[in-house]
Amino acid sequence: MKNPTKNLTRRQFVSIGVVAGLAGIPAIASTRGAAAAGLPRLDEADSTAKALSYVHDASRVDGATRGGDDRICLTCRFYTDATAQSWGPCSLFPGKAVNANGWCKGWVARAS
């Protein structure tokens, strides 16, 4: 009796790898969301937060300073989980969660 693993063609091997990789995508995505939910919230007194004038509530910042009422963390390219509607990760503040309705000087429009 032949061992089927020894007769595995390169094409079969690649096909199995692709299917296994695609099957793992939902697990990776749910892990990322779970990890973001467990991040500690950024303190406005944090030195980086102060340097970027971060606030939890963007309405506390003058609209002219913000550049428009739509400029909140949720619409910023650095807010890395647009599905996080209350608190989420921001690449400007690694390891911390920011308020989706917050704002800082680092705001940049999310690419369409």
- Looking at the stretch 77-90, which of the residues that are small (Gly, Ala, Ser), part of a loop (DSSP other than H, G, I, E, B) and under 16 Å from PRO40 (Cβ atoms) is least open to solvent (accessible area, probe 1.4 Å)? ALA84
- Any chance you could count how many residues in the stretch 101-112 are surrounded by 16 or more Cβ atoms within 10 Å (Cβ to Cβ) and either under 14 Å from ASP43 (Cα atoms) or of a type in the set (Lys, Arg) (or both)? 3
- Item | Single residue of ALA49, ALA27, ALA45, ALA37 found to be open to solvent by less than 70 Å² (accessible area, probe 1.4 Å) and modelled with pLDDT under 85 | ALA27
- Message: I need every pair where a residue in the stretch 71-82 that is more than 17 Å from SER59 (Cβ to Cβ) has its Cβ under 8 Å from the Cβ of a residue that is among the aromatic types (Phe, Trp, Tyr), sequence separation at least 6 or different chains.
- Response: PHE78/TRP107
- Close pairs from the stretch 92-111: first under 17 Å from LYS50 (Cβ atoms) and at pLDDT 95 or above, partner exposed (fewer than 12 other Cβ atoms within 10 Å of the Cβ) and not charged (D, E, K, R), Cβ under 7 Å, at least 6 apart: LYS96/PRO40
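The values are calculated or read from the model by the stated rules, or taken from the named source; none is laboratory data. The model shown is predicted, which means the values in this text are computed figures rather than measured ones. Glycine also receives a Cβ, built like all others from the backbone with ideal geometry; neighbour counts cover every protein chain displayed. All accessible areas refer to the heavy atoms of the entire protein, side chains included, with ligands and DNA or RNA removed. Shrake-Rupley method; radii C 1.70, N 1.55, O 1.52, S 1.80 Å.
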